[in-house]
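Novice: Before I ask anything, let me first share the structure, which is written out below as structure tokens.
The values are calculated or read from the model by the stated rules, or taken from the named source; none is laboratory data. The model shown is predicted, which means the values in this text are computed figures rather than measured ones. Heads up: the accessible areas ignore ligands, DNA and RNA and are worked out on the full protein's heavy atoms, side chains in. Shrake-Rupley method; radii C 1.70, N 1.55, O 1.52, S 1.80 Å.
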Amino acid sequence: MATDFTESNAADAVIASFADTPDPRLRDILTSLVRHLHAFVR
């Protein structure tokens with residue numbers, strides 16, 4: 001990963017790692033999970 005991993009871009013960086021997930025439903029579930037968990041932790 002070329003960018004710095006910070007609190008403000010952590011969720012986006014993790015979600016970007018799902019870009020090649022072939023199943024769109026799984027990608028949506030993982031994206032939602034990461035966004036909700038990140039918001040909970042903040």
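Novice: Suppose all protein chains stay in the model; what accessible area per residue would a 1.4 Å probe give for the chain, in Å²?
Specialist: Spelled out: the 1.4 Å probe surface of the chain, per residue, equals 83 Å².
Novice: Additional query: Can you put Phe5, Phe40, Phe18 in order of accessible area, largest first, using a 1.4 Å probe?
Specialist: Descending accessible area places them as Phe40, Phe5, Phe18.
Novice: By how many degrees, 0 to 90 and rounded to 10, does the Cα axis of helix 24-41 deviate from the longest principal axis of the chain?
Specialist: 30 degrees
Novice: Of all accessible surface on the chain at a 1.4 Å probe, what whole percent is carbon and sulfur?
Specialist: 60 percent
Novice: Another question, then. How far, in nm, would the chain grow between Asn9 and Phe40 when pulled straight, counting 0.36 nm per residue and subtracting the alpha carbon separation?
Specialist: Length gained between Asn9 and Phe40: 9.6 nm.
Novice: While we're on this one: Can you give me the solvent accessible area of Leu37 with a 1.4 Å probe, rounded to the nearest 10 Å²?
Specialist: 90 Å²
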